[in-house]
Structure formats: structure tokens, C-alpha cells
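No lab work stands behind these numbers, since they all come straight from the coordinates. The structure presented is a predicted model; accordingly, all values stated were derived computationally and were not measured. Quick reminder, even Gly has a Cβ in these numbers, built from the backbone with ideal geometry, and neighbours come from all protein chains shown.
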Amino acid sequence: MSVDLVVFIGLALVAILSALGMLFSRNAIYSALYLIFNFSTVAVFYLLLTAPFIALAQITVYAGAIMVLFLFVIMLLGAEQTGRTPPTWWMQPLALSLAGILILEALYIIFTHRTSFPALRAAVGDLGNPLQIGELLFSNYLLAFEAIALLLLVAVIGAIFLSRHQRVR
Amino acid sequence: MVPIYYYVALPAVLFTLGALGVLIRRNAIIIFMSVELMLNAANLAFVAFARLHGGLSGQIFVFFVMAVAAAEVAVGLALIVKIFETKHSIDIDQLNMMKG
């Protein structure tokens, strides 16, 4: 039971419990806070997988921008308290049992085929630092980079257009 | 060193929990957050495989997925706010105006 495994199991438990907290919380703001916690845990996993740039991008973009946007909208709409009883009584137990079966199946398949995964080699030097990512991004993936820039422009235009006030005639 | 299949099992569980959230919850914002959870699980799997193969293509893809998710959240939340202005509710069971 190495230190790595203990750290991984602990962090994985935190990630799964915060995801469950997000799903089953009665208050939408608590759900958003649980999800921020989950994103931070995933960022630590990125650090463990030698992806420092992606880890900090996760904190900045997901936990710092996207979730703040969610919190703003939740508070704007006053959507904290929502009724949680589904109209049909059998929907929630059915979904829970099917999700449980799927999780057990996925874990069974992965752990019985664990010998087909190659062994992890030691990380090469500075894997995942911004210099390497930048070099790849602006050479091999330049077209995708420009497409993403266009996509962000479209998203900004769309968001501004959707939130304008209709003039009362 | 933790074997890589642990880093594949965890995203599988998180993805299933996200899909469960989309199916169970009726609040549109919680459903949206469950979709973000699914995207994060996929990102984690990408980075795990990037670490396994020693290359950076997986991390580049995660970069793009994050950008797409940010754009999607911006437009999706604008849509939700617009829906709320007309229906005064974000309960998805009440969004049935297009029902045949």
C-alpha cells in the first residue's frame, strides 16, 4: 500500500463524494459549491498525472469562471429551492439502480482487464509544461486553435444577442 | 506509482454519476452542472491516457474541450435566463410548449 495509492484513493473518494453531494443536494447553491470542490479535486489529479498547465487551466476556467457564472445565474433566478419529487414514483429508484449497475459493470470490466494496460513509465522531464503545450498548439493543432477562437467569438455574440432587452412597442 | 487503470476507472464512475444527474434532477441548472461533470470525467480520461503514452495530444484535446465547455456554458446559461423570463420556472417538466 504505497503512499501514491493512499493519496489516490483518498482523493478519489473526495471526488466521488462531492459529485454525489452535487447530485443529491436540495439547494442549487450547495450543488454548485460541491461541484467546485469536485473540480478542484480533478485539478489535483491532473497534477498527479504531470499535467500542470491543464491543472491550473482547470482551476482558472472551470472552477473560477464557469462555476462563478453558474452561481451568478442561480442567484439571479432565485433557483435555490426546487422541488425534488419526481412526477412518477418509479423514475428515481430505476435511474439509481441502473446507474449502480453501470458503475459496477464498468469497474468489473476495467479491473478484470487491468493486465491489458501497459505499465506507466517515469515521466519525461518537464511533461505538460506550458512551453511544450504552446509549441504543439501553434504548430500541429493550429487549425483547431483558430477554430476554437472562432467558436468563442460566436459564443460571445450569441450570449450578448440572447440577453438583450426587447423594446416594448 | 498508481497503475493507469485506476485513472480510467475513476472517470468512468464520475461520468456515470453525471449521466445519473441528467436523468434524475428536474432543475435545468443542476442538469447543466451534471453535463459539466461528464465533460470533466472525459477530460480526466484524456489526461490519463496522455500520461500513459508520454505525449501531449491528450492534454491539447483537454484544452480544447475546456474552451468548448466554456462557450457552451455561456450560451446555455443565457438560454436558461431567457426561458426563465417567459416561463418563470426552470423546472424542465414545465418546458413542454413544443409538445405535439
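Numbers for the structure displayed
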quantity	calculated
Average beta-carbon neighbours from other chains, 10 Å sphere, peptide A:49-58	6
Sites matching trypsin sites (Lys or Arg not before Pro) across segment A:48-138 that sit in DSSP coil, with at most 12 neighbouring C-beta atoms within 10 Å	A:Arg121
In Hz, Karplus ³J(HN,Hα) per residue of segment B:29-41 (6.51, -1.76, 1.60; θ = phi - 60°; x = Gly, Pro)	6, 5, 4, 4, 5, 5, 5, 5, 5, 5, 5, 5, 4
Per-residue mean of C-beta atoms belonging to partner chains within 10 Å, peptide A:99-105	4
Spread of Cα-to-Cα distances over 5 Å intervals beginning at zero, given as percent, for chain B	2, 12, 17, 18, 17, 12, 9, 6, 4, 2, 1, 0
Rounded to whole Hz, the Karplus (6.51, -1.76, 1.60) HN-Hα couplings of segment A:3-8, x for glycine and proline	5, 4, 5, 4, 4, 5
A:Ile160 versus A:Glu105: modelled label distance in nm, points set 7 Å from Cα along the beta carbon direction	4.7
Averaged over B:49-62, number of beta-carbon atoms from partner chains that fall within 10 Å	6
Once the Cα gyration tensor of segment A:48-169 is diagonalised, semi-axes √(5λ) in Å	36, 32, 14
Förster radius 25 Å - calculated FRET efficiency between A:Ile9 and B:His53 (Cβ-Cβ, nearest 0.05)	0.55
Chain B: relative contact order as a whole-number percent, Cα under 8 Å and 6+ apart	26
Ranked by how many other beta carbons lie within 10 Å on average, peptides A:10-22, B:62-74 from highest	B:62-74, A:10-22
³J(HN,Hα), Karplus 6.51/-1.76/1.60, whole Hz, each residue of segment B:5-11, x for Gly, Pro	6, 5, 7, 9, 5, 4, x
